[in-house]
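Notes follow once the structure below has been shown.
The values are calculated or read from the model by the stated rules, or taken from the named source; none is laboratory data. Fair warning: this is a prediction, and the values are worked out from it, not measured in the lab. In this analysis, Cβ positions are derived from the backbone assuming ideal geometry, glycine residues included, and neighbour counts consider all displayed protein chains. Remember, those area values only see protein heavy atoms, side chains included, never the ligands or the DNA or RNA. Shrake-Rupley method; radii C 1.70, N 1.55, O 1.52, S 1.80 Å.
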Amino acid sequence: MTTIYSAAASPARSSMMGGLLRLLRVWGDALATYWVRREAIKTLRQLDDRTLRDIGISRCQIEPAVAGDLDIELVRIR
């Protein structure tokens, strides 16, 4: 009986390629998220204080609100 091990080197190469592709996808997703957040911050900074108050944030809370770090229940604007 003859055993052939020719496919033994193939999984290592494909897993390296898969790892590289995953890394590139993670970096691309992070870059896209960064651009979307920066655009949202830029748009909110162009609004006047009254409009910001209407949506429930103040000017100093724009970046935490976009990042999702702002707890609206704890913040009250008067």
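Looking only at residues of the range 55-68 that are surrounded by 12 or more Cβ atoms within 10 Å (Cβ to Cβ) and β-branched (Val, Ile, Thr), we find that the one that is nearest to the chain's Cα centre (by Cα) is VAL66. Checked against the criterion of being of a type in the set (A, V, I, L, M, F, W, C), in a helix (DSSP H, G or I) and in contact with a Lys or Arg (Cβ under 7 Å, 6 or more places away or on another chain), the range 50-59 contains one or more residues that satisfy it. The residues of the range 14-54 that are open to solvent by 100 Å² or more (accessible area, probe 1.4 Å) and either more than 22 Å from the chain's Cα centre (by Cα) or within 16 Å of LEU70 (Cβ to Cβ) (or both), listed by number, are MET16, MET17, ARG37, ARG45, GLN46, ARG50, ARG53, ASP54.
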